[in-house]
Amino acid sequence: MRLHHPHAPTAFERSHIRGHVRPYIIQATLASLALLAILLIEQGVSDGIIVVTIASSTATVFVVPHSIASSPKRVIGGHVVSVLVGLVLWGLLHLVSGEANSASNLQIDIFGAAAVGLSVMVMATTNTEHPPAAGTAFGIIVLGLSITFIAFILSAAVILSIARFILRDRLQNLL
């Protein structure tokens, strides 16, 4: 049995943030400002599902900007794939359910889960993996066919990729 040594470093002292607090604060602030800019540019888009998807992408881009998941190919490509998958499954959902907007909650749950799984598979096979983008496919199933939603998601992915490109020499992976 190992006893705690009185001079053993604390979790904070062992953490990778110690001595590097400034980049964490700067990049968290930049992430907030980037998301705020996206929301202001895309005024009128306030649905939680939409914002959560892009907020997750924002976190990925600003926490691990030099990871493969933050590359424009992944951020933009992942959301494009998920939009396409979401649209296909949304169309199938409405073929199955009959009238537009008459799908049951169970049908929406099944097709939403299928949209996430299929978007994960297509992203993985096309090398456009961006985990937050799976929420895009789910959002299309829940919200329905919305040009506003699709335009918001795709333009936000482009804006995040541009911000990463411009700031890439000033950002560091925080993990």
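The values are calculated or read from the model by the stated rules, or taken from the named source; none is laboratory data. From a predicted model like this one, the values you see are computed outputs, not experimental measurements. We place every Cβ from the backbone using ideal geometry, glycine too, and count neighbours over all the protein chains shown.
Below, the figures for the structure above:
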quantity: Counted residues, segment 89-109 - those being under 21 Å from the mean Cα position of the chain (by Cα) and without any contact (Cβ under 8 Å) to a residue 12 or more places away in the chain; calculated: 1
quantity: Filter result (loosely packed, with under 14 Cβ neighbours inside 10 Å and at pLDDT 75 or above) within segment 11-36; calculated: VAL21, ARG22, ILE25, THR29, SER32, LEU33, LEU36
quantity: Test result for ILE147, crowded, with 16+ Cβ neighbours inside 10 Å, at negative phi and of a type in the set (Val, Ile, Thr); calculated: no
quantity: Unmet requirement for ILE49, which otherwise passes all of (1) at pLDDT 90 or above; (2) surrounded by 10 or more Cβ atoms within 10 Å (Cβ to Cβ); (3) part of a helix (DSSP H, G or I); calculated: (1)
quantity: Residue match in segment 130-148 (condition: within 27 Å of LEU40 (Cβ to Cβ), free of Cβ contacts under 8 Å to residues at least 12 places away in the same chain and of a type in the set (A, V, I, L, M, F, W, C)); calculated: yes
